[in-house]
Amino acid sequence: MAQHETSHSQAHMQECITACLECYRTCLSTAMGHCLESGGEHTAPHHFRLMMACAEICRTSAHFMLIGSRHHAHVCAECAEICTECAEDCARLEGMEACVAACRKCAEECRRMAA
């Protein structure tokens with residue numbers, strides 16, 4: 001049974017790594033493409049900094065899991081919090097659906113890893 005639990009845990013970690021890397025890619029590319037091109041609220045300092053913070057914590061969380069750091073759980077907890085905030089902020093702006101979806105998925109997976 002322990003073997004199954006370990007593989008189950010590894011499967012959850014792989015899903016979380018995938019979600020983190022997808023969120024990193026989506027937030028960064030959306031900020032550098034859609035947001036910069038749209039201007040206005042899309043480039044407001046609070047929003048743009050939040051997107052950059054979200055991208056970076058997602059990349060960092062994936063990195064901690066990939067290197068097998070025992071600290072990944074609390075990094076993932078912070079990632080879930082930032083992704084949730086980013087999803088809420090992006091949801092209020094036009095054309096940010098992919099970012100909202102990626103952030104929500106990452107927050108869900110990171111909460112599971114942090115538990």
Exercise for the section: Confirm whether Ile67 is closer than 15 Å to Leu21 by Cβ and in contact with a helix residue (DSSP H, G or I) (Cβ under 7 Å, 6 or more places away or on another chain). Expected result: no
Practice task
Would you point out the residue of segment 102-115, among those that are assigned to a helix (DSSP H, G or I) and free of Cβ contacts under 8 Å to residues at least 60 places away in the same chain, that is surrounded by the most Cβ atoms within 10 Å (Cβ to Cβ)?
Solution key: Ala107
Completion exercise
Note on Glu85: of the conditions (1) farther than 15 Å from Met113 by Cα; (2) free of Cβ contacts under 8 Å to residues at least 12 places away in the same chain, unmet is (2)
Fill in the blank from the handout: Within segment 26-48, the residues that are within 17 Å of Arg59 (Cα to Cα), among the polar types (S, T, N, Q) and touching a residue at least 24 places away in the same chain (Cβ under 8 Å) are Thr26, Thr30
Exercise for the section: Starting from segment 58-74, keep only residues that are without any contact (Cβ under 8 Å) to a residue 60 or more places away in the chain, then list their pairs with residues that are exposed (fewer than 11 other Cβ atoms within 10 Å of the Cβ) and not in a helix (DSSP H, G or I) whose Cβ atoms are within a distance under 8 Å, requiring at least 6 positions of separation or different chains. Expected result: Phe64/His71
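Coordinate-derived values only; no laboratory data. In this text the structure is predicted, and so the values were computed from the model without any measurement. In this analysis, Cβ positions are derived from the backbone assuming ideal geometry, glycine residues included, and neighbour counts consider all displayed protein chains.
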